[in-house]
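The values are calculated or read from the model by the stated rules, or taken from the named source; none is laboratory data. All values derive from a computational prediction rather than experimental measurement. Positions of Cβ are backbone-derived with ideal geometry, glycine not excepted, and every protein chain shown enters the neighbour counts. Each accessible area value is taken on the protein alone, full model and side chains, heavy atoms only, with ligands, DNA and RNA left out. Shrake-Rupley method; radii C 1.70, N 1.55, O 1.52, S 1.80 Å.
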Amino acid sequence: MSRYDLCLAWNWEFDADFVHLIEAACVARGVSLLQVSPQSLDQVLAGLENREIAFRTLFDRASDSDPRFQPLVDWATRHRVFSVNPQKRCIWSGDKATMHLEFINHGLYTPYTIILSPYSKRASIHPSDLEPLEGCFAIKPACEGGGDGVILEASSWEQVLEARQQYPHEKYLLQAHVNTCILDGRQAWFRVLFCDGAIYPCWWDQQTHVYARVTAEEKARFSLRSLRQISVRIAQICGLHLFSTEIALTKEGHFMVVDYVNDPVDLRMQSKAVDGVPDIYLESIAARLARLADRHRAIS
């Protein structure tokens, strides 16, 4: 039997550059890598079934968008394989309504939010008190990612009623806009990537989605140490090894978590895509994932 240290399942063509970084990181640590793509999936599943191959760690970036990969996840679960971002935790933490309540319970600041029942369970609802939303607010389905179904500039109850029917089986969040402060001419809105204990903070432009690394000098000058503390706290709550979150610094001086737990993370390289993640961050993330697989190889 061939036993691999890390199994990487991927099906998005734009992951190719990050996969190359994973390959290099695994070679550097002596970690054996099994890649599973749509083209090799059937062969790998047959090899697992016939006990010709096995793996110790799974990093799944495919099953959320392609159910054909689910048997791979199921095999890992049955054989108690260590998973980067276990599927059950991904599903649980991907529910924005659940995370909103969890964050509040753990003392994190979040925008004022009204949570509505799914349309399929309660089609007719009375208008909520929209006054605390201050006229303009965001409408978000609880479990969609990538901005799907999100209306950022809503202002009426009619928009809420119409939006709820787009994903009728999901809860909806009505979320007040955050008034951020300005730091050295930039809006104090940050996207932070987290990977196995390390954080990668970036300035985040909401319109262009362009990342800019937060420098050590900026962390000190603007007292941004809370970005680490909050991100680590989120990791403890959600139980994921790799995710991103968005944190804004308000005019009142509060660090507020605005977009809770994003998984899977878009890992396109900034050198290849203007709205990609800075390359140096991706290199570090790949190295940490290889180290994580190496660590579990040692104890398995």
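At-a-glance table
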quantity: Those strands (runs of 3 or more DSSP E) lying entirely in the range 111-159 with at least 1 residues among the basic types (Lys, Arg); calculated: 137-141
quantity: Residue list for the range 238-252, filter: assigned to a helix (DSSP H, G or I) and open to solvent by 10 Å² or more (accessible area, probe 1.4 Å); calculated: none
quantity: Some residue of the range 255-266 being open to solvent by 60 Å² or more (accessible area, probe 1.4 Å), over 14 Å from the mean Cα position of the chain (by Cα) and of a type outside the set (Val, Ile, Thr); calculated: no
quantity: Test result for Ile104, of a type in the set (A, V, I, L, M, F, W, C), open to solvent by 50 Å² or more (accessible area, probe 1.4 Å), touching a residue at least 12 places away in the same chain (Cβ under 8 Å) and not in a loop (DSSP other than H, G, I, E, B); calculated: no
quantity: Filter result for the condition that a residue is closer than 25 Å to Ile237 by Cα and modelled with pLDDT under 95, over Ile114, Ile125, Ile151; calculated: Ile114
quantity: Out of Phe18, Phe14, sole residue that is buried (at least 16 other Cβ atoms within 10 Å of the Cβ), in a helix (DSSP H, G or I), touching a Lys or Arg at 6+ places or on another chain (Cβ under 9 Å) and of a type outside the set (Val, Ile, Thr); calculated: Phe18
quantity: Members of the range 172-207 that are at pLDDT 95 or above, part of a loop (DSSP other than H, G, I, E, B) and under 24 Å from Ile151 (Cα atoms); calculated: Cys181, Ala188
quantity: Gln175 closer than 30 Å to Ala123 by Cα and among the polar types (S, T, N, Q); calculated: yes
quantity: Residue that is nearest to Gly146 (Cα to Cα) [pool: residues in the range 28-51 that are assigned to a loop (DSSP other than H, G, I, E, B) and in contact with a helix residue (DSSP H, G or I) (Cβ under 8 Å, 6 or more places away or on another chain)]; calculated: Pro38
quantity: Positions within the range 267-287 being small (Gly, Ala, Ser), open to solvent by less than 60 Å² (accessible area, probe 1.4 Å) and assigned to a loop (DSSP other than H, G, I, E, B), in sequence order; calculated: Ala273, Gly276
quantity: Checklist (1) out of contact with any Gly (no Cβ under 8 Å at 6 or more places or on another chain); (2) among the aliphatic types (A, V, I, L, M); (3) crowded, with 19+ Cβ neighbours inside 10 Å applied to Ile115, failing item; calculated: (3)
quantity: Positions within the range 24-48 being free of Cβ contacts under 8 Å to residues at least 12 places away in the same chain and open to solvent by 60 Å² or more (accessible area, probe 1.4 Å), in sequence order; calculated: Val27, Gln39, Asp42, Gln43
quantity: Restricting the range 179-212 to residues that are small (Gly, Ala, Ser) and over 24 Å from Gly253 (Cβ atoms), the residue that is surrounded by the fewest Cβ atoms within 10 Å (Cβ to Cβ); calculated: Gly197
quantity: Selection from the range 52-98 of residues that are open to solvent by less than 90 Å² (accessible area, probe 1.4 Å), among the hydroxyl-bearing types (Ser, Thr, Tyr) and part of a helix (DSSP H, G or I); calculated: Ser93, Thr98
